[in-house]
Amino acid sequence: MKRKPRQLTDKEFDVLVIGGGIYGAFIAWDAVLRGLSVAMIEKGDFGHATSANSLKIIHGGLRCLQQGDILRMRRLQNEQQAFIKIAPHLVRPIPFIIPTYNRSLYSSESFKIAFKLRKLLSRSCVTSLNNQQDLLHGHFLSREEMLYVFPKIPDANLTGSAVFYDCLLHHPERLLLSVLHSAVNQGAEISNYIDVASVLLKKDRATGVRAIDLLSKNEFDIKARMVVNATGPWINRIIQLIDGHPVYFPMARGINLVIDHQIIKDYAIGMPDTDSHGIKNLLQKKSRLFFIIPWHCYSLIGSHYIPCKQINDDCSVTESEINQFLTIINKASGLGLKRENVLWAYSGYVSIATNKSGRINRTQKKQIFDHRKTDHIDGIISVFGMKYTEARYKAQKVVDLVFKKLGRTSPPCLTAVTPVHGGDMTDMDSYIAEKNTYLSSRLNSEEIHYLISNYGTRYPEILRYLPAGRQNSPLDPMDIAEIYHSADQEMAVKLQDVMFRRTLRPFVSEKRFCYRAYGDSMARILGWDNHRQQCEIQGLKDILGRRSNYETDFS
Ligand SMILES: Cc1cc2nc3c(=O)[nH]c(=O)nc-3n(C[C@H](O)[C@H](O)[C@H](O)COP(=O)(O)OP(=O)(O)OC[C@H]3O[C@@H](n4cnc5c(N)ncnc54)[C@H](O)[C@@H]3O)c2cc1C
């Protein structure tokens, strides 16, 4: 994957996708797999926005059943299975524990019905995966067992807990990059750091965009028969450029915290977000759950939603928001977490709705818009994504519509059954065991696990960049290989592209303090002068300062 913006001007594409989040990535891959010529542009780095800020759950839809939404449950379940099939190295089942309370939405009775219904409705889900059976299994812990597992949980009305399986995507940014690799392998032309200056219109039809390369400042036209606006929370900015009617989604900022230790191992737990009204809210069905999830050697806690009116480019979390969420967490869990325990706080925009009882829900409104119908402008479609889990499915619907509008018959969509770049293995553990003998002479077992659980069968592409001999650097050879690979094969052009999205190593180890060494390597590869290198380091420090408690480490 090389950054070649000029190739975007070479021809008229069938489809131009604006937005390189997970929705744009799946649309580009699906369209090119079905034989369309595809261009995709992203104004920042790929996946830097909402897609990098999720809680990393690939939902199986069990909780939709409690809301009586059987269709959505089936859809999420199918999508979960598809993710396991196409990216088995990145997606893993994990048991979730939800405390049950008398007379509430989260009562053991409602879970019993949900478990039964799910089993019944899932009989036709034939799957070849061994561990798939686990995903349908649900059982209960007694009140005593639950208090043993989590002694500080509020116990008034507690009856025990329900246990079921969902999936965790341990590195969403890597999945997105794998989808992009897959699209590029099929011939898609993609580029990051390209913004839209205007939408090209001929009479009442969009024919492409006037684009601006944010790195070189060059402007150029990208021509396309269909334009897809997959810009996430920025959807209305593109709609404004065609003088269209803005689509209205009431928005909230969802906040997640990374805690500096594993609170619980091996399973995730849901806690009632009781806000200031205590457990009463839960009984009145006004409360949402937040989750504590083991993630590498840390814990993720989220999401806490704060309604907002404006969409900003900077999505940093304020100190008072962190403290507000910590108060809720501590009240619900008795964990006594302190500000120093919060390693990192991040947020992204989601669309919400409040029901009659005041409970915040994620909106399920229409999410695909044909602007011929809404604004009498043909050749442009907008899509607004609600869940990472649904990105593949929604992309399929968008590409179906693209074919319809191009007046062409669509071949079947293949993204639910085609492994992403690196995903062509049946089971990660047996794949690691198989490769272990061969790799163990060069790498230790942790490195082998890291490589394969991130790059799957494409791990040799990173090994190619392993430096020979000892390096005069605090970084390991594997870090250096990943930096080279990111810059050479994955369009990383800024220090933050590498440290936040191409590799997990700075954040799952003490390597995060080595940002200067990362900067040195990037400077060598990309030929940065001293001034550029300092700017990159400053840019990184600004982000770290806004999102984390690393300030004390900046010298
Ligand atoms: C706190 C939180 C927790 C969540 N947890 C989960 C979860 O656990 N499971 C789940 O399934 N879902 C979850 N979600 C939802 C999920 O993250 C989103 O639905 C999904 O990431 C949306 O992807 P997207 O591609 O539509 O948007 P984005 O990732 O925001 O991508 C849109 C892209 O368009 C680009 N763009 C904008 N304007 C332009 C322009 N003019 N030119 C070029 N590019 C442009 C942006 O830079 C951006 O990269 C969560 C969301 C939040 C906020």
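Observations, loosely collected:
- Rel. contact order, % - alpha carbon contacts under 8 angstrom, at least six apart, region 5-119: 18
- Assuming charge only on the beta carbon of Lys and Arg (+1) and of Asp and Glu (-1), the dipole of region 464-553 about its Cα centre is about 80 debye to the nearest 20.
- Around the amide H of PHE290, modelled in the peptide plane, lie the amide H atoms of MET271, ASP273, all under 5 Å away and 5 or more residues distant in sequence or on another chain.
- Listed residues ILE194, SER216, ILE27: farthest to the positive end of the dipole of the chain (Cβ charges): ILE27
- Taking every alpha-carbon pair under 8 Å whose residues sit at least 6 apart, region 464-553 reaches a relative contact order of 25 percent.
- Loop-located trypsin sites (Lys or Arg not before Pro) in region 303-349 (DSSP state not H, G, I, E or B) with no more than 15 neighbouring Cβ atoms inside 10 Å: LYS309, LYS338.
- Eligible lysines near LYS435 by straight Cα distance, threshold 30 Å, same-chain separation 8 or greater: LYS2, LYS56, LYS85, LYS265, LYS511
- Rounded to the nearest 5, the antiparallel percentage of DSSP beta bridges internal to the chain is 75%.
- Each label point was placed 7 Å from the Cα along the Cα-to-Cβ direction; for CYS297 and ARG408 their separation is 5.0 nm.
- The fraction of accessible area contributed by carbon and sulfur in the chain is 50 percent, rounded to a whole number (1.4 Å probe; ligands and nucleic acids excluded).
- Relative contact order (%) - criterion: Cα under 8 Å, at least six apart; region: the chain: 19
- Per-pair calculated FRET efficiency, R0 = 41 Å: LYS202 and THR426 via Cβ, rounded to 0.05: 0.25
- Nearest-0.05 FRET efficiency for SER441 and ARG524, computed from C-beta distance (R0 25 Å): 0.35
- Summarising the amide proton neighbourhood of ILE94: residues at separation of 5 or more, or on other chains, whose placed amide H is nearer than 5 Å comprise ASP166, CYS167, LEU168.
- Packing, as the average of other Cβ atoms within 10 Å across residues, places the peptides 404-414, 186-196, 92-102 in the order 186-196, 92-102, 404-414, highest first.
- Backbone N within region 286-329 under 19 Å of label point (7 Å from ILE264 Cα along the Cβ vector): 287-304, 326-329
- A Förster radius of 41 Å, combined with the Cβ-Cβ distance separating GLU144 from GLU321, puts the computed FRET efficiency at roughly 0.70.
- For the pair GLN534 and ARG92, the difference between a 0.36 nm per residue extended length and the Cα-Cα distance amounts to 155.2 nm.
The values are calculated or read from the model by the stated rules, or taken from the named source; none is laboratory data. The shown structure was predicted, so the numbers you read here are calculated from the model rather than taken from an experiment. Don't worry about glycine lacking a Cβ; one is built from the backbone with ideal geometry, like all the others, and counts go over all protein chains shown. Side chains included, ligands, DNA and RNA excluded: accessible areas come from the protein's heavy atoms. Shrake-Rupley method; radii C 1.70, N 1.55, O 1.52, S 1.80 Å.
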